[in-house]
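The values are calculated or read from the model by the stated rules, or taken from the named source; none is laboratory data. The structure presented is a predicted model; accordingly, all values stated were derived computationally and were not measured. For neighbour counting, all protein chains shown are included, and Cβ atoms are generated from backbone atoms with ideal geometry for every residue, glycine included. Surface areas here come from the heavy atoms of the whole protein model, side chains and all, with no ligands, DNA or RNA. Shrake-Rupley method; radii C 1.70, N 1.55, O 1.52, S 1.80 Å.
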Amino acid sequence: MATTSRQLQRGFVKACTALGPACLSTLVARVDEIVSRESVVRRISSTGLSEASSTAPALDSVLESRQACKIEKRRTNYSECNSSRTIKFEESRDEEIREAAPSFQHEILKANGFFGVTSQGLSSPRGLRFMSADASEHEAIVPEDENSALKFLDKADQPVASEEPEQDSLYTSAEGPTQFSAADVNRFFTLSSEDVDIYFGEGLPPGLLKEFEETRERSFLIRGRVLELFDRFKRCHADTVHAKDEGGRVRSAASKHKPQCLLDGFIKSGKSAALAMLVHWARAQGWLVFYVPSGRDWTSGGMYYKNEQTGLYDTPVQARVALEGFLKSHRSLLDTIPCRVLKPLQLGEGAGVGKLRGAQELTLPEGASLRALVEKGIAVSQASVSVVLRIREELSLVQEAPVLLCIDEFNSWFTFSHFHEATGTRSRRPIHAREVSMVNAFRTMEGPIMMATAFSQSLAVGKLPVQLPGVPKNVRFPIPRYSLEEATAAMTYYHSRKITSKEPSSEDVRKLFYLTNGNGEEIRTLARLLG
């Protein structure tokens, strides 16, 4: 019995290691021969040595013919394995083979590179299936039915699913921000040139313009935090419409969201992009939005004059640019909103043209619309700053549409501007941003009007107090940097835009994510170094 076990063990190891048709046929033949000879030995012991000596040649010839038929049958079955079924061989296994089977299968796994796969129901590369070693010692391995035999082949014929999302899954099917849902998170939305002209007459933030230039496409990443921002202002508007008292204050106890929101977060966390998407979302719903894509432009560049009546500094160049963008985005809507402040406009100095002669006041005709007011400020340079200040008053009285103020780089309005005032022949002082007329009018966030502002941590404005003047408490809305999922979506998008020459793997994305701490601009910059 020990000799038989050793012979079976050697044959089993040899066949499992080679995994070839010839070796399997040899294994089957060897098993049948040994089993048949054992049965002959038992019969010889029962009938006697004399009978065995006479019947041995006949038995040998029968066994040889039977063995040849079985070998041919096994070869035929193996040739049919590639098209219809897998081979399973019959054998009677003793206790030693049953105990040694798992170790033999582990050696095969190690030799073929299949790690982390259990021996239970293991499928070999060539379509052979090794049964579990939990079978009983006297249990024969019977062929499975045709359906079960085809399981491995059907699985092998299936295409391997790619770990990276398909090209279509990178972009949302929504036509605009008003149709965004949770299913669109970590997908991209592309702005058409018509959308830019309609919804962003003032232009886009400098950071977004740089992103669009490098990717050669105007696409936003739809983040879950941005959808929460949309929902916040949607609730604020609902509370304002359905729960007002005579004084205009919200009296609903369920209203927990203030109409003001200050986007804050680390540098390059996507605050400007979130604010721009909020502007697009609001304007697509018919809201009246006054958008300042770069607050720093209001405190630098152009010409500035001191207004003797107010003691503040007028910036007519910035006023004209703001009015042109506002009119471009809301031309038809402004035509339906009448002016409710009837005071005459005070004139100042124009951009490089000085003051007008005669009366320093400008009166609009009765029943004039906001569009006429804006066009008057664009046409008369001396009235541009006064028109912007009047627009701020008018927006708080508008009833025809929801009103939203959006100001980017808001923190630049709490430090010194780039302007200076001469205090002597050889001395001058810096002018603070609050001394600029337009900044002073739009800087306060207090009041019932909805307002969204965003900090720009890339500006070297120094340390600011936690509680800013004119900013209500508990209005900060943190915008985090990219998560690992968002970084994966961004890297896939950059590869589709040919920024990366090599398709980023999950390991590459993870390395860049932890190296940059989710900084979107650094991820885009370092992505070029892959491959």
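Side notes on the structure shown:
- Normalising the average separation of contacting C-alpha pairs (under 8 angstrom, six or more residues apart) by the number of residues puts the relative contact order of the range 270-321 at 22 percent.
- Electrostatic tally near Ile407: other residues with Cβ closer than 12 Å to its Cβ, Lys and Arg +1, Asp and Glu -1, net 0.
- Within the accessible surface of the range 481-530, defined with a 1.4 Å probe on protein heavy atoms only, the carbon and sulfur portion equals 51 percent.
- Computed E for Gln360/Phe266 - FRET, C-beta separation, R0 45 angstrom, nearest 0.05: 0.40
- Rough spin-label spacing in nm, given labels placed 7 Å along Cα→Cβ, for Thr190 and Ser505: 3.0 nm
- Extending 7 Å from Cα along the Cβ direction at Glu393 and again at Lys258 yields two label points whose distance is 2.6 nm.
- The length gained on full extension between Ala174 and Glu400, counted as 0.36 nm times the residue separation minus their Cα-Cα distance, comes to 78.6 nm.
- For peptides 435-442, 209-216, sequence by mean Cβ density within 10 Å, most packed first: 435-442, 209-216
- Averaged over its residues, the range 326-480 has an accessible area of 48 Å² per residue, based on protein heavy atoms and a 1.4 Å probe.
- With the charge dipole of the range 481-530 set up from +1 on Lys and Arg Cβ and -1 on Asp and Glu Cβ about the Cα centre, the Cα lying farthest toward the positive end among the listed residues Asn519, Thr488, Leu529 is that of Leu529.
- Linear extension gain, Ser483 paired with Ala284, 0.36 nm per residue minus alpha-carbon span: 68.8 nm
- Computed lengthening from Ala183 to Met303, 0.36 nm per intervening residue step minus Cα-Cα distance: 38.4 nm
- Remark: the range 481-530 projects, on average over all directions, an area of 2.7 nm² (convex hull of Cα atoms).
- Of the cross-linked pairs Lys473/Lys511; Lys234/Lys498; Lys268/Lys498, those separated by over 27 Å at the C-alpha level are Lys473/Lys511; Lys234/Lys498.
- Remark: relative contact order (the range 481-530) = 48 percent; criterion is Cα-Cα distance under 8 angstrom and separation of 6 or more residues.
- For the range 382-453 versus the range 302-342, the inter-centroid distance based on Cα atoms is 11 Å.
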